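We did not get these values from a lab; they are worked out from the coordinates using the rules stated. Note that the structure is predicted; figures quoted are calculated from it, not measured. Positions of Cβ are backbone-derived with ideal geometry, glycine not excepted, and every protein chain shown enters the neighbour counts.
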Amino acid sequence: MTRAAGLRHRAFALLVAACLAVLAGPLAAHDFRLGPLRIDHPYATPTPAGAVNGAAYLRSIRNTGDAPDRLIGASTPVARTVEIHRSVVDASQVMRMRAIEGIDLPPKVELQLRHGGEVHLMLIDLKRQLTEGDRFPLTLRFQKAGEREVTVWVQKPRGSASHPGAAEHKH
């Protein structure tokens with residue numbers, strides 16, 4: 001191969017790599033926008049075979065706007081219904097999950113809905129097992145911003161072999 005041909009080959013390879021990086025960027029990114037709202041990395045934990053319920057989480061929801069909003073609901077084709085749940089410790093010091101009407105999203109604030117946290121989205125009456133590596137649509141409903149479909153990735157939580165309680169996510 002001549003030197004000129006080698007340079008053309010190398011330039012072509014760099015061009016292909018640059019194009020792939022540009023195309024992969026949006027695919028690798030796992031955040032969604034709806035007006036001033038930024039929804040970062042929706043995910044669910046895998047469920048054991050036969051599980052009736054599951055849980056979905058959001059690394060964060062950020063309200064970049066100047067007005068408050070509120071997450072008021074969600075739906076997905078993989079479950080009969082989705083409820084917003086908050087974990088609370090009762091008078092007997094037992095952790096319980098309760099459905100709540102929504103999550104306030106103050107302006108210029110970022111909230112986390114991660115596994116092990118206080119709030120999550122409960123997937124009730126699953127229609128199928130959630131298996132690591134799967135993806136499914138979830139539509140989030142906001143009081144002011146409206147609806148936004150996001151893609152939920154089923155994955156084990158980072159830093160742990162399994163999510164404590166994932167197989168025993170009961171009420």
Query raised in the report: For segment 31-154, what is the convex hull (Cα atoms) projected area averaged across all directions, in square nanometres?
Result: 7.6
Query raised in the report: For the peptides 51-58, 106-113, 31-38, 117-124, what is the packing order when you average, over each peptide's residues, the other Cβ atoms within 10 Å and list the highest mean first?
Result: 51-58, 117-124, 31-38, 106-113
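Want the number for Thr81 to Arg38: 0.36 nm per residue separation, take away the alpha-carbon distance, what's left?
Contour length minus Cα-Cα distance gives 13.1 nm.
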Report task. Kindly rank 93-101, 80-88 from highest to lowest mean number of other beta carbons found within 10 Å of each residue. Result -> 80-88, 93-101
Report summary line: Among segment 83-121, those whose backbone N falls under 18 Å of a label point 7 Å along Cα→Cβ from Ser60 are 104-120
